[in-house]
Amino acid sequence: MSTKVSIQYAVDEASGTTAHLYDECLAPADSAVFLELTGISEVSVDVTPNGTTVTIAIARELAAKLGLIPRIKQQE
């Protein structure tokens with residue numbers, strides 16, 4: 001039995017990348033949410049004494065589906 005509660009799920013058909021934003025239903029209301037990315041080919045992780053930086057390249061269409069950037073207007 002899963003304790004994941006989906007907030008948003010998006011697929012980029014061109015790259016096959018999926019993004020799943022979810023919450024843990026048993027966690028306190030003020031806890032973090034989770035973003036699971038599948039099919040990623042470009043990732044950078046930088047660990048420093050001040051914390052960790054994770055940089056992930058995702059397709060623009062997927063970023064638009066997640067609401068991170070404006071939707072791409074189709075040319076007619």
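Derivation of every value follows stated rules applied to the coordinates shown; laboratory data play no part. What you are looking at is a predicted structure, and each value in this text was computed from that prediction instead of being measured. Don't worry about glycine lacking a Cβ; one is built from the backbone with ideal geometry, like all the others, and counts go over all protein chains shown.
So here's what we get for this one:
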read-out	value
Residues 4, 65, 73, sorted so that the one with the fewest Cβ neighbours within 10 Å comes first	73, 4, 65
Fluctuation leader among 46, 23, 12 - the chain, Gaussian network, Cα springs under 10 angstrom	46
Entry for P(r) over Cα pairs in 5 Å bins from 0, in percent (calculated from the structure that is shown) out of [x] 3, 15, 17, 15, 12, 10, 9, 6, 5, 4, 2, 1; [y] 3, 12, 7, 8, 7, 6, 7, 5, 6, 5, 5, 4, 4, 4, 4, 3, 3, 2, 2, 1, 1, 1, 0; [z] 3, 13, 18, 19, 18, 17, 8, 2, 1, 0, 0	[z]
Least to most buried among 42, 61 (fewest other Cβ within 10 Å first)	42, 61
Relative exposure of 21, 26, judged by other C-beta atoms within 10 Å (fewest first)	26, 21
